[in-house]
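What follows is a single structure, written as structure tokens, with notes after it.
The values are calculated or read from the model by the stated rules, or taken from the named source; none is laboratory data. Bear in mind that the values here come from a model prediction, so they are computed numbers and not experimental data. With ideal geometry, Cβ positions are generated from the backbone for all residues, glycine too; neighbour counts draw on all protein chains shown. Just so you know, the surface numbers come from the protein's heavy atoms only, side chains and all, with ligands and any DNA or RNA stripped out. Shrake-Rupley method; radii C 1.70, N 1.55, O 1.52, S 1.80 Å.
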Amino acid sequence: MNGFHIGTIRLEVSTNQGVSWTTAWAKTGSQSNSWLTAEVDLSSFTGGAIMLRFYSLTGSSYSGDI
């Protein structure tokens, strides 16, 4: 996530086979020009199968990469 026009990236969780999604983690804007790590607590989804997806929304121009 580097550049002047960065949108948002989210990690989303579904507990109903993709019918609906809940945001578990998100970052917005330029983060730097290096790899970063994150830990996401998914303990509230214990007890059943889950699906995970990354969803990204671009910024207002072409000058940024996720």
Subset of segment 27-55 (residues that are over 24 Å from Gly7 (Cβ atoms), open to solvent by 60 Å² or more (accessible area, probe 1.4 Å) and outside any loop (DSSP other than H, G, I, E, B)): Ser43, Ser44
Any pair with Cβ under 7 angstrom, 6 or more apart, that starts in segment 55-66 at a residue that is closer than 14 Å to Ala26 by Cβ and ends at one that is of a type in the set (D, E, K, R) and in a strand (DSSP E or B): Tyr55/Arg10; Tyr55/Glu12
Residue tally, condition closer than 11 Å to Tyr55 by Cα and among the polar types (S, T, N, Q), over segment 23-45: 1
Some residue of segment 14-22 being open to solvent by 60 Å² or more (accessible area, probe 1.4 Å), touching a residue at least 12 places away in the same chain (Cβ under 8 Å) and in contact with a Lys or Arg (Cβ under 6 Å, 6 or more places away or on another chain): no
Unmet criterion (only one of (1) among the aliphatic types (A, V, I, L, M); (2) in contact (Cβ under 8 Å) with a residue 40 or more places away in the chain; (3) surrounded by fewer than 14 Cβ atoms within 10 Å (Cβ to Cβ)) for Ile6: (3)
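Among the residues of segment 1-26, count how many are part of a strand (DSSP E or B) and touching a Gly at 6+ places or on another chain (Cβ under 9 Å).
Residues in segment 1-26 being part of a strand (DSSP E or B) and touching a Gly at 6+ places or on another chain (Cβ under 9 Å): 3 in total.
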